[in-house]
Amino acid sequence: MSDLQQQAKALGDPTRHRIFRLLADSNEPLSVSDLVEHVGHTHNAIRQHLTKLLAAGLVVETVAEPDGRGRPRLLYEVAGSADSRWGVVGPYERLATLLAEVLESGDDPVDVGRRAGRALTMRTEAHSNEDPALPLSMRTFIGEMVRQGFEPHPEDGQQGTDIALRACPFESAAVANPATVCGLHQGMIEGMAQSVGGLVIDELVIRRADGHDCHVHCHTVADGSTSA
């Protein structure tokens, strides 16, 4: 079953479709309690529906910063990889906007990508699969890559952290025009790191052509410096 078919199947349930629309129309991530209040189902029922939406790649789960009252809340929002046919801004709509800026400005794709990355609003919620021992700047950076649809998986490197990107939201376009699309991708990552602060991007290794994951090599710094 393709990703699109899996998403269509998940949204075929009216309750899941309603939950998805609530998340899509919200200006901020929502908790299970928020969704219970709007949908009227039990907490367990909402969690079961969210599990299906997560498996289909339609939503992402993050962990709110602790507020001193028990376990941190789990928060949900629409995934960056959700297809635009479900009534959200999909990855190729975002890519089209960036490509239009490249054409209009005449700037290098990396520079356009950096501006886009710096413009993103970085939130401190961590992705639920992240290592809590990672520095806050790294968790924030990885969380934003999750929201953008890159499926990052951090691994310890000798000089810092090696982040494997298991998915590319622009993969089809990257195969057709890697110089432009991968340049935008590189710039976005560098701009995101600048926005987070305290994080330096050492290298983006593009490996999609041979079937391997792309990798981001990066490290944190104590003085708040960022990549160039």
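Quick one: in the stretch 17-62, which of the residues that are assigned to a helix (DSSP H, G or I) and touching a residue at least 60 places away in the same chain (Cβ under 8 Å) is most open to solvent (accessible area, probe 1.4 Å)? The extreme case among them is ARG21. For the stretch 138-177, taking the residues that are over 12 Å from the mean Cα position of the chain (by Cα) and among the polar types (S, T, N, Q), the one that is farthest from VAL205 (Cα to Cα) is identified as SER172. Listed by first and then second residue, the pairs linking a residue in the stretch 108-132 that is of a type in the set (Val, Ile, Thr) and in a helix (DSSP H, G or I) to a residue that is at pLDDT 90 or above and surrounded by 15 or more Cβ atoms within 10 Å (Cβ to Cβ), with Cβ atoms under 7 Å apart and 6 or more places separating them unless they lie on different chains, are VAL110/GLY183; VAL110/GLN186; VAL110/GLY187; VAL112/LEU98; VAL112/GLU101; VAL112/VAL102; VAL112/LEU184; VAL112/GLY187. Of the residues that make up the stretch 74-95, is at least one open to solvent by less than 30 Å² (accessible area, probe 1.4 Å), in a helix (DSSP H, G or I), modelled with pLDDT of 85 or more and not aromatic (Phe, Trp, Tyr)? Yes, the stretch 74-95 contains at least one residue that is open to solvent by less than 30 Å² (accessible area, probe 1.4 Å), in a helix (DSSP H, G or I), modelled with pLDDT of 85 or more and not aromatic (Phe, Trp, Tyr). For the stretch 150-173, name all the residues that are open to solvent by less than 10 Å² (accessible area, probe 1.4 Å) and in contact with a Cys (Cβ under 8 Å, 6 or more places away or on another chain). Correct list: PHE150, ILE163, ALA164, LEU165. Considered as a group, the residues in the stretch 106-130 that are at pLDDT 80 or above and either in contact with a Gly (Cβ under 6 Å, 6 or more places away or on another chain) or open to solvent by less than 40 Å² (accessible area, probe 1.4 Å) (or both) include one that is farthest from ALA179 (Cα to Cα), and that residue is ARG118. A residue that is modelled with pLDDT under 85 and charged (D, E, K, R) can be found somewhere in the stretch 167-190.
The values are calculated or read from the model by the stated rules, or taken from the named source; none is laboratory data. Quick caveat: nothing in here was measured; it's all calculated off a predicted structure. So basically every Cβ, Gly included, is an ideal-geometry build from the backbone, and we count neighbours across all protein chains shown. Heavy atoms of the whole protein, side chains included, go into the accessibility calculation; ligands, DNA and RNA do not. Shrake-Rupley method; radii C 1.70, N 1.55, O 1.52, S 1.80 Å.
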